[in-house]
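Q: Quick one: the structure is below, and I'll ask about it shortly.
The values are calculated or read from the model by the stated rules, or taken from the named source; none is laboratory data. From a predicted model like this one, the values you see are computed outputs, not experimental measurements. FYI the Cβ positions are ideal-geometry reconstructions off the backbone, even for glycines, and counts take in every protein chain you see.
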(Lines give C-alpha, C1' and ligand atoms only; values in the text may rest on other atoms or scores of the structure.)
Protein backbone atom coordinates (compact mmCIF):
# COMPACT_ATOMS: atom_id res chain seq x y z
CA UNK A 1 0.00 0.00 0.00
CA UNK A 2 1.16 3.54 -0.72
CA UNK A 3 -0.07 7.10 0.01
CA UNK A 4 -0.50 9.53 -2.86
CA UNK A 5 -0.47 12.61 -0.53
CA UNK A 6 1.70 11.67 2.47
CA UNK A 7 2.09 15.34 3.48
CA UNK A 8 -1.47 15.14 4.87
CA UNK A 9 -0.11 13.22 7.85
CA UNK A 10 1.34 16.50 9.16
CA UNK A 11 -2.18 17.20 10.40
CA UNK A 12 -1.72 14.42 12.98
CA UNK A 13 0.39 16.90 14.99
CA UNK A 14 -2.83 18.52 16.23
CA UNK A 15 -3.98 15.27 17.91
CA UNK A 16 -1.71 15.52 21.01
CA UNK A 17 -2.56 19.24 21.29
CA UNK A 18 -6.28 18.44 21.38
CA UNK A 19 -5.74 15.68 23.98
CA UNK A 20 -3.72 18.06 26.19
CA UNK A 21 -6.36 20.78 25.97
CA UNK A 22 -9.15 18.32 26.79
CA UNK A 23 -7.26 16.99 29.83
CA UNK A 24 -6.70 20.50 31.19
CA UNK A 25 -10.32 21.45 30.66
CA UNK A 26 -11.44 18.34 32.63
CA UNK A 27 -9.76 19.64 35.83
CA UNK A 28 -11.70 22.94 35.90
CA UNK A 29 -14.67 23.21 38.33
CA UNK A 30 -13.62 20.46 40.74
CA UNK A 31 -15.09 20.15 44.24
CA UNK A 32 -12.84 19.76 47.31
CA UNK A 33 -13.54 17.17 50.03
CA UNK A 34 -11.85 16.78 53.40
CA UNK A 35 -11.35 13.04 52.81
CA UNK A 36 -11.59 10.75 49.75
CA UNK A 37 -11.22 7.50 51.69
CA UNK A 38 -14.85 6.48 51.45
CA UNK A 39 -14.92 7.29 47.75
CA UNK A 40 -11.84 5.10 47.16
CA UNK A 41 -13.34 2.20 49.09
CA UNK A 42 -16.55 2.51 47.05
CA UNK A 43 -14.50 1.77 43.85
CA UNK A 44 -14.94 3.07 40.30
CA UNK A 45 -17.92 2.25 38.16
CA UNK A 46 -17.61 1.10 34.53
CA UNK A 47 -18.89 4.48 33.39
CA UNK A 48 -16.10 6.26 35.25
CA UNK A 49 -13.49 3.88 33.91
CA UNK A 50 -14.66 4.50 30.34
CA UNK A 51 -15.03 8.25 30.78
CA UNK A 52 -12.24 8.90 28.26
CA UNK A 53 -13.92 6.78 25.55
CA UNK A 54 -15.71 9.69 23.78
CA UNK A 55 -12.41 11.58 23.52
CA UNK A 56 -10.63 8.46 22.22
CA UNK A 57 -13.36 7.91 19.63
CA UNK A 58 -13.14 11.55 18.53
CA UNK A 59 -9.35 11.26 18.11
CA UNK A 60 -9.73 8.06 16.12
CA UNK A 61 -12.21 9.83 13.83
CA UNK A 62 -9.62 12.52 13.26
CA UNK A 63 -6.85 9.99 12.57
CA UNK A 64 -8.94 8.08 10.01
CA UNK A 65 -10.02 11.28 8.23
CA UNK A 66 -6.41 12.47 8.00
CA UNK A 67 -5.40 9.04 6.65
CA UNK A 68 -8.15 9.33 4.04
CA UNK A 69 -6.76 12.76 3.05
CA UNK A 70 -3.38 11.07 2.49
CA UNK A 71 -5.10 8.93 -0.22
CA UNK A 72 -4.10 5.35 0.58
CA UNK A 73 -3.76 3.25 -2.56
CA UNK A 74 -3.33 -0.45 -3.10
CA UNK A 75 -1.24 -1.24 -6.14
CA UNK A 76 -0.62 -4.41 -8.09
CA UNK A 77 2.40 -4.54 -10.33
CA UNK A 78 1.90 -6.20 -13.66
CA UNK A 79 4.56 -7.32 -16.07
CA UNK A 80 3.70 -7.64 -19.72
CA UNK A 81 6.27 -9.21 -22.00
CA UNK A 82 6.32 -7.73 -25.46
CA UNK A 83 8.23 -10.01 -27.80
CA UNK A 84 10.03 -8.45 -30.71
CA UNK A 85 10.42 -11.45 -32.94
CA UNK A 86 11.14 -12.39 -36.52
CA UNK A 87 8.38 -13.51 -38.85
CA UNK A 88 9.74 -16.43 -40.86
CA UNK A 89 8.19 -18.19 -43.83
CA UNK A 90 9.85 -21.50 -44.66
CA UNK A 91 9.52 -22.52 -48.30
CA UNK A 92 10.20 -26.21 -48.94
CA UNK A 93 10.65 -27.70 -52.38
CA UNK A 94 8.84 -31.04 -52.59
CA UNK A 95 9.27 -31.68 -56.30
CA UNK A 96 10.37 -35.10 -57.55
CA UNK A 97 14.07 -34.20 -57.58
CA UNK A 98 13.94 -33.74 -53.80
CA UNK A 99 13.67 -37.52 -53.62
CA UNK A 100 17.42 -37.77 -54.26
CA UNK A 101 19.35 -39.19 -51.33
CA UNK A 102 21.58 -37.43 -48.81
CA UNK A 103 23.40 -38.53 -45.67
CA UNK A 104 21.88 -37.71 -42.29
CA UNK A 105 23.82 -38.98 -39.26
CA UNK A 106 24.99 -42.02 -41.24
CA UNK A 107 21.57 -42.79 -42.74
CA UNK A 108 20.52 -42.35 -46.35
CA UNK A 109 17.39 -40.17 -46.55
CA UNK A 110 15.92 -38.21 -49.39
CA UNK A 111 16.74 -34.51 -49.61
CA UNK A 112 13.31 -33.40 -48.40
CA UNK A 113 13.52 -35.56 -45.26
CA UNK A 114 16.98 -34.16 -44.44
CA UNK A 115 15.73 -30.61 -45.03
CA UNK A 116 12.75 -31.25 -42.72
CA UNK A 117 14.91 -32.69 -39.94
CA UNK A 118 17.42 -29.83 -39.98
CA UNK A 119 14.54 -27.34 -40.17
CA UNK A 120 13.13 -28.94 -37.00
CA UNK A 121 16.53 -28.48 -35.32
CA UNK A 122 16.52 -24.82 -36.37
CA UNK A 123 13.04 -24.41 -34.92
CA UNK A 124 13.41 -26.15 -31.54
CA UNK A 125 17.20 -26.15 -31.13
CA UNK A 126 19.85 -28.86 -30.90
CA UNK A 127 23.12 -29.62 -29.13
CA UNK A 128 25.22 -28.45 -32.05
CA UNK A 129 24.84 -24.69 -31.75
CA UNK A 130 21.24 -24.03 -32.81
CA UNK A 131 19.34 -22.41 -29.94
CA UNK A 132 15.87 -22.66 -31.45
CA UNK A 133 13.42 -19.90 -32.38
CA UNK A 134 10.76 -19.98 -29.61
CA UNK A 135 9.91 -16.27 -29.96
CA UNK A 136 9.45 -16.20 -33.74
CA UNK A 137 6.33 -16.40 -35.83
CA UNK A 138 6.97 -19.24 -38.24
CA UNK A 139 4.86 -20.36 -41.18
CA UNK A 140 5.45 -22.94 -43.89
CA UNK A 141 4.84 -23.17 -47.62
CA UNK A 142 5.58 -26.21 -49.76
CA UNK A 143 5.68 -26.23 -53.52
CA UNK A 144 6.16 -28.38 -56.57
CA UNK A 145 4.14 -27.39 -59.64
CA UNK A 146 1.88 -25.40 -57.29
CA UNK A 147 2.62 -23.50 -54.09
CA UNK A 148 0.49 -24.31 -51.02
CA UNK A 149 0.33 -22.88 -47.51
CA UNK A 150 1.01 -25.82 -45.21
CA UNK A 151 0.90 -23.85 -41.94
CA UNK A 152 0.04 -20.21 -41.13
CA UNK A 153 2.41 -17.97 -39.20
CA UNK A 154 2.26 -19.16 -35.61
CA UNK A 155 4.08 -19.22 -32.28
CA UNK A 156 2.74 -22.74 -31.69
CA UNK A 157 5.72 -24.56 -33.11
CA UNK A 158 4.49 -27.90 -31.84
CA UNK A 159 1.54 -27.72 -34.24
CA UNK A 160 3.86 -26.55 -37.02
CA UNK A 161 5.96 -29.68 -36.66
CA UNK A 162 2.84 -31.81 -37.11
CA UNK A 163 2.17 -30.06 -40.41
CA UNK A 164 5.81 -30.58 -41.36
CA UNK A 165 5.34 -34.34 -41.10
CA UNK A 166 2.71 -34.21 -43.85
CA UNK A 167 5.06 -32.66 -46.43
CA UNK A 168 6.12 -35.41 -48.84
CA UNK A 169 7.80 -35.60 -52.23
CA UNK A 170 5.20 -35.52 -55.00
CA UNK A 171 4.49 -38.83 -56.68
CA UNK A 172 2.10 -37.76 -59.44
CA UNK A 173 3.56 -36.48 -62.66
CA UNK A 174 0.80 -33.87 -63.11
CA UNK A 175 1.81 -32.33 -59.75
CA UNK A 176 5.56 -32.35 -60.34
CA UNK A 177 7.44 -29.20 -61.23
CA UNK A 178 9.26 -26.29 -59.59
CA UNK A 179 7.26 -23.08 -59.15
CA UNK A 180 9.82 -21.08 -57.19
CA UNK A 181 8.42 -17.67 -58.20
CA UNK A 182 4.87 -18.48 -57.11
CA UNK A 183 6.11 -19.85 -53.78
CA UNK A 184 8.09 -16.67 -53.06
CA UNK A 185 5.12 -14.46 -53.97
CA UNK A 186 2.78 -16.45 -51.71
CA UNK A 187 5.20 -16.36 -48.77
CA UNK A 188 5.79 -12.61 -49.19
CA UNK A 189 2.02 -11.99 -49.22
CA UNK A 190 1.61 -13.99 -45.99
CA UNK A 191 4.32 -11.88 -44.32
CA UNK A 192 2.84 -8.63 -45.63
CA UNK A 193 -0.51 -9.32 -43.94
CA UNK A 194 1.06 -10.64 -40.70
CA UNK A 195 1.41 -7.16 -39.12
CA UNK A 196 -2.16 -6.25 -40.04
CA UNK A 197 -3.42 -9.39 -38.30
CA UNK A 198 -1.40 -8.58 -35.17
CA UNK A 199 -2.92 -5.09 -34.99
CA UNK A 200 -6.40 -6.60 -35.06
CA UNK A 201 -5.46 -8.84 -32.13
CA UNK A 202 -3.94 -6.01 -30.01
CA UNK A 203 -4.92 -5.83 -26.34
CA UNK A 204 -7.62 -3.51 -24.98
CA UNK A 205 -5.08 -0.81 -24.10
CA UNK A 206 -3.89 -0.74 -27.71
CA UNK A 207 -0.54 -2.37 -26.95
CA UNK A 208 0.58 -5.29 -29.07
CA UNK A 209 1.96 -8.26 -27.20
CA UNK A 210 4.03 -9.20 -30.25
CA UNK A 211 6.00 -6.89 -32.48
CA UNK A 212 7.51 -8.07 -35.76
CA UNK A 213 11.13 -6.96 -35.83
CA UNK A 214 11.85 -8.25 -39.33
CA UNK A 215 10.31 -10.47 -42.01
CA UNK A 216 12.31 -13.14 -43.77
CA UNK A 217 11.84 -16.05 -46.15
CA UNK A 218 14.06 -19.13 -46.10
CA UNK A 219 13.79 -20.88 -49.45
CA UNK A 220 15.16 -24.41 -49.93
CA UNK A 221 15.19 -25.91 -53.41
CA UNK A 222 17.31 -28.18 -55.56
CA UNK A 223 16.03 -27.19 -58.98
CA UNK A 224 15.16 -24.46 -61.45
CA UNK A 225 11.93 -22.54 -61.88
CA UNK A 226 9.92 -24.20 -64.64
CA UNK A 227 6.28 -23.61 -63.66
CA UNK A 228 4.10 -20.85 -62.25
CA UNK A 229 2.88 -17.41 -63.23
CA UNK A 230 5.70 -15.43 -61.63
CA UNK A 231 9.43 -15.57 -62.25
CA UNK A 232 11.61 -15.80 -59.12
CA UNK A 233 13.26 -12.42 -59.75
CA UNK A 234 9.87 -10.74 -60.26
CA UNK A 235 8.59 -12.25 -57.01
CA UNK A 236 11.79 -11.15 -55.23
CA UNK A 237 11.24 -7.54 -56.27
CA UNK A 238 7.71 -7.76 -54.89
CA UNK A 239 9.07 -9.13 -51.60
CA UNK A 240 11.65 -6.35 -51.43
CA UNK A 241 8.89 -3.73 -51.83
CA UNK A 242 7.13 -5.28 -48.82
CA UNK A 243 10.26 -5.27 -46.67
CA UNK A 244 10.85 -9.03 -46.83
CA UNK A 245 14.37 -10.45 -46.85
CA UNK A 246 15.01 -13.78 -48.60
CA UNK A 247 17.66 -16.36 -47.72
CA UNK A 248 18.00 -18.86 -50.52
CA UNK A 249 19.54 -22.31 -50.01
CA UNK A 250 20.42 -24.61 -52.87
CA UNK A 251 20.16 -28.22 -51.72
CA UNK A 252 22.51 -30.80 -53.30
CA UNK A 253 24.71 -30.38 -56.36
CA UNK A 254 24.23 -31.76 -59.83
CA UNK A 255 22.10 -34.84 -60.46
CA UNK A 256 21.11 -36.92 -57.48
CA UNK A 257 20.19 -40.54 -57.05
CA UNK A 258 16.96 -41.78 -55.51
CA UNK A 259 15.85 -45.27 -54.52
CA UNK A 260 12.56 -46.61 -55.86
CA UNK A 261 10.68 -49.72 -54.83
CA UNK A 262 9.34 -52.10 -57.45
CA UNK A 263 7.99 -55.63 -57.49
CA UNK A 264 11.51 -56.77 -58.39
CA UNK A 265 13.23 -54.97 -55.49
CA UNK A 266 14.88 -51.62 -54.85
CA UNK A 267 16.62 -49.76 -57.64
CA UNK A 268 18.65 -46.56 -57.69
CA UNK A 269 17.71 -44.14 -60.46
CA UNK A 270 19.16 -40.72 -61.29
CA UNK A 271 17.00 -37.68 -60.59
CA UNK A 272 17.28 -34.80 -62.97
CA UNK A 273 17.64 -31.18 -61.99
CA UNK A 274 20.42 -28.84 -61.00
CA UNK A 275 20.39 -25.90 -58.61
CA UNK A 276 19.92 -22.58 -60.42
CA UNK A 277 22.54 -20.83 -58.32
CA UNK A 278 22.55 -17.67 -60.43
CA UNK A 279 18.82 -17.04 -60.01
CA UNK A 280 18.82 -17.91 -56.30
CA UNK A 281 21.76 -15.58 -55.72
CA UNK A 282 19.98 -12.76 -57.57
CA UNK A 283 16.80 -13.31 -55.56
CA UNK A 284 18.75 -13.05 -52.30
CA UNK A 285 20.69 -9.98 -53.48
CA UNK A 286 17.52 -8.08 -54.48
CA UNK A 287 16.02 -8.48 -50.99
CA UNK A 288 19.22 -8.02 -48.95
CA UNK A 289 19.45 -11.70 -47.99
CA UNK A 290 22.10 -14.28 -48.78
CA UNK A 291 22.52 -17.35 -50.98
CA UNK A 292 24.22 -20.51 -49.76
CA UNK A 293 24.73 -23.96 -51.25
CA UNK A 294 24.18 -26.98 -49.00
CA UNK A 295 25.69 -30.15 -50.39
CA UNK A 296 25.10 -32.23 -47.29
CA UNK A 297 23.44 -32.25 -43.88
CA UNK A 298 26.41 -30.60 -42.12
CA UNK A 299 26.60 -27.64 -44.48
CA UNK A 300 22.83 -27.21 -44.29
CA UNK A 301 23.01 -27.03 -40.49
CA UNK A 302 25.84 -24.48 -40.73
CA UNK A 303 23.71 -22.29 -43.00
CA UNK A 304 20.85 -22.38 -40.50
CA UNK A 305 23.34 -21.43 -37.80
CA UNK A 306 24.41 -18.42 -39.86
CA UNK A 307 20.79 -17.32 -40.29
CA UNK A 308 20.21 -17.89 -36.57
CA UNK A 309 23.02 -15.45 -35.75
CA UNK A 310 21.90 -12.84 -38.26
CA UNK A 311 18.22 -12.78 -37.29
CA UNK A 312 17.84 -12.27 -33.54
CA UNK A 313 14.66 -11.96 -31.47
CA UNK A 314 14.16 -9.78 -28.40
CA UNK A 315 11.88 -9.85 -25.35
CA UNK A 316 11.00 -6.51 -23.78
CA UNK A 317 9.31 -6.43 -20.37
CA UNK A 318 6.85 -3.59 -19.82
CA UNK A 319 6.12 -3.00 -16.12
CA UNK A 320 3.16 -0.97 -14.95
CA UNK A 321 1.17 -0.66 -11.71
CA UNK A 322 -2.57 -0.48 -11.25
CA UNK A 323 -3.66 1.46 -8.12
CA UNK A 324 -7.00 1.22 -6.35
CA UNK A 325 -8.11 4.11 -4.09
CA UNK A 326 -8.83 3.06 -0.48
CA UNK A 327 -9.74 6.46 1.06
CA UNK A 328 -13.48 5.66 0.96
CA UNK A 329 -12.94 2.80 3.42
CA UNK A 330 -11.17 5.10 5.89
CA UNK A 331 -13.88 7.77 5.58
CA UNK A 332 -16.61 5.20 6.26
CA UNK A 333 -14.77 3.94 9.36
CA UNK A 334 -14.38 7.55 10.58
CA UNK A 335 -18.11 8.22 10.08
CA UNK A 336 -19.07 5.08 12.01
CA UNK A 337 -16.78 6.04 14.90
CA UNK A 338 -18.19 9.57 14.91
CA UNK A 339 -21.75 8.25 15.13
CA UNK A 340 -20.70 5.94 17.96
CA UNK A 341 -19.03 8.82 19.81
CA UNK A 342 -22.08 11.09 19.42
CA UNK A 343 -24.42 8.32 20.59
CA UNK A 344 -22.24 7.53 23.62
CA UNK A 345 -21.82 11.21 24.57
CA UNK A 346 -25.59 11.73 24.53
CA UNK A 347 -26.56 8.55 26.38
CA UNK A 348 -24.14 6.71 28.68
CA UNK A 349 -21.63 9.56 29.02
CA UNK A 350 -24.15 12.40 28.96
CA UNK A 351 -23.22 15.23 31.29
CA UNK A 352 -25.62 17.53 33.12
CA UNK A 353 -24.38 21.14 33.12
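Q: Please tell me if residue 161 is in contact with a helix residue (DSSP H, G or I) (Cβ under 7 Å, 6 or more places away or on another chain), part of a helix (DSSP H, G or I) and either over 14 Å from residue 300 (Cα atoms) or not assigned by TED's automatic domain parsing to the domain that holds residue 223 (or both).
A: So residue 161 fits the description; yes.
Q: Quick one: which helices (runs of 4 or more DSSP H) sit completely within the stretch 33-133 and have at least 2 residues that are surrounded by fewer than 19 Cβ atoms within 10 Å (Cβ to Cβ), more than 32 Å from the chain's Cα centre (by Cα) and at pLDDT below 75?
A: 37-42, 46-49
Q: Filter the stretch 148-158 for residues that are surrounded by fewer than 21 Cβ atoms within 10 Å (Cβ to Cβ), in contact with a strand residue (DSSP E or B) (Cβ under 7 Å, 6 or more places away or on another chain) and outside any helix (DSSP H, G or I) and give the result.
A: 148, 149, 150, 152, 154, 155
Q: Still on this structure, I have one more. Would you please list the contacts, defined by Cβ atoms under 9 Å and residues six or more apart or on different chains, that run from a residue in the stretch 56-84 that is in the same structural domain as residue 17 (by TED's automatic domain parsing) and within 11 Å of residue 11 (Cα to Cα) to a residue that is in a strand (DSSP E or B) and modelled with pLDDT of 80 or more?
A: 67/3; 70/3
Q: Please verify whether the stretch 264-283 includes one or more residues that are outside any helix (DSSP H, G or I) and at pLDDT 85 or above.
A: Yes, there is a match, as at least one residue in the stretch 264-283 is outside any helix (DSSP H, G or I) and at pLDDT 85 or above.
Q: Further question on the same structure: If you scan the stretch 225-244, which residues turn out to be in contact with a helix residue (DSSP H, G or I) (Cβ under 7 Å, 6 or more places away or on another chain) and either part of a helix (DSSP H, G or I) or surrounded by fewer than 19 Cβ atoms within 10 Å (Cβ to Cβ) (or both)?
A: 229, 231, 232, 233, 234, 235, 236, 237, 238, 239, 240, 242 - these are the residues of the stretch 225-244 that are in contact with a helix residue (DSSP H, G or I) (Cβ under 7 Å, 6 or more places away or on another chain) and either part of a helix (DSSP H, G or I) or surrounded by fewer than 19 Cβ atoms within 10 Å (Cβ to Cβ) (or both).
Q: Go through the stretch 298-311 and give me each residue that's at pLDDT 85 or above and in contact with a strand residue (DSSP E or B) (Cβ under 6 Å, 6 or more places away or on another chain).
A: 300, 303, 307
Q: Checking the condition touching a helix residue (DSSP H, G or I) at 6+ places or on another chain (Cβ under 8 Å), surrounded by 23 or more Cβ atoms within 10 Å (Cβ to Cβ) and either outside any helix (DSSP H, G or I) or modelled with pLDDT under 95 (or both), which residue from 249, 184, 212 passes?
A: Within the list 249, 184, 212, the selection yields 249.
Q: Check off (1) out of contact with any helix residue (DSSP H, G or I) (no Cβ under 8 Å at 6 or more places or on another chain); (2) assigned to a loop (DSSP other than H, G, I, E, B) for residue 145 and give me the number that stays unchecked.
A: For residue 145, the exception is condition (1).
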